[in-house]
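Report on one structure; see the data block that follows.
The values are calculated or read from the model by the stated rules, or taken from the named source; none is laboratory data. Predicted model, so just to flag it, every value in this text is computed and none were measured. In this analysis, Cβ positions are derived from the backbone assuming ideal geometry, glycine residues included, and neighbour counts consider all displayed protein chains.
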Amino acid sequence: MSTDTPTRLRSVILEHAQAPAFREPLKEASLDGKLGAWTKALTACVSSACGEMGWRASARAHHCELLPVRRSEYLALDIMAFTEGEKRWLFPTAVMELENSSDTDKIAYSLWKVLCVRAEFRVVFCYRKNAEEAPALIQHLRRDVIDAMSLHGRVKLEGRTFVVVGSRNDAETFPYGFFKWWELNTDTGHFELF
């Protein structure tokens, strides 16, 4: 995969989030704090973006018929995306969790889940009321989840891992100011703004 794939993925997701079918439901759900509606709208948006990336996505209400066992969700992950291939059992290209709880331990669990899966890209979408809360969340995830990995395990981690934090107080710049992308640096064990 090209090194610019994460940049393209972010751009495609932001592009899709601007489409009328996704923009208003996402913005309205975030402003109203209706996180169940936010997850439903974000699932549709990200699944659509995966299609533009050339990936086949499985997610709730987005059935995937690429693997021999057909599901809308695999391994209880919100979104799993595959690049088509000749094998019957493909490993995912991307796995994504869309955590609508503000509970930091539930967000940490989502990060832990995606880190347990072999994929080129792991993404956790989560939400904070204020953008100023994001750095504390990111530090919590580093301390509780990343620091729990051995140095050897972290450095050998294949693929790239991202945490995307949406915040309600940045809704006026939706989707660009709303979503902040953080990437795990496997060498240092820290998340860096992407």
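Only residues that are in contact with a Gly (Cβ under 9 Å, 6 or more places away or on another chain) and not basic (Lys, Arg): list them for segment 135-153, please.
Once the filter is applied, which keeps residues that are in contact with a Gly (Cβ under 9 Å, 6 or more places away or on another chain) and not basic (Lys, Arg), segment 135-153 yields 146, 147, 149, 151.
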Subject >> Matching option when the condition is out of contact with any helix residue (DSSP H, G or I) (no Cβ under 7 Å at 6 or more places or on another chain), among the aliphatic types (A, V, I, L, M) and free of Cβ contacts under 8 Å to residues at least 12 places away in the same chain, among 155, 114, 69, 164 >> reply: 69
**OP:** Report yes if some residue within segment 76-87 is under 25 Å from residue 142 (Cα atoms) and out of contact with any strand residue (DSSP E or B) (no Cβ under 8 Å at 6 or more places or on another chain); otherwise report no.
**Re:** yes
Original post:
How about segment 23-54: which of its residues are in a helix (DSSP H, G or I), over 14 Å from the mean Cα position of the chain (by Cα) and either modelled with pLDDT of 95 or more or under 15 Å from residue 98 (Cα atoms) (or both)?
Top reply: 26, 29, 30, 35, 36, 37, 51, 52
Subject >> Of the criteria (1) within 20 Å of residue 76 (Cβ to Cβ); (2) in contact (Cβ under 8 Å) with a residue 12 or more places away in the chain, which one residue 103 fails >> reply: (2)
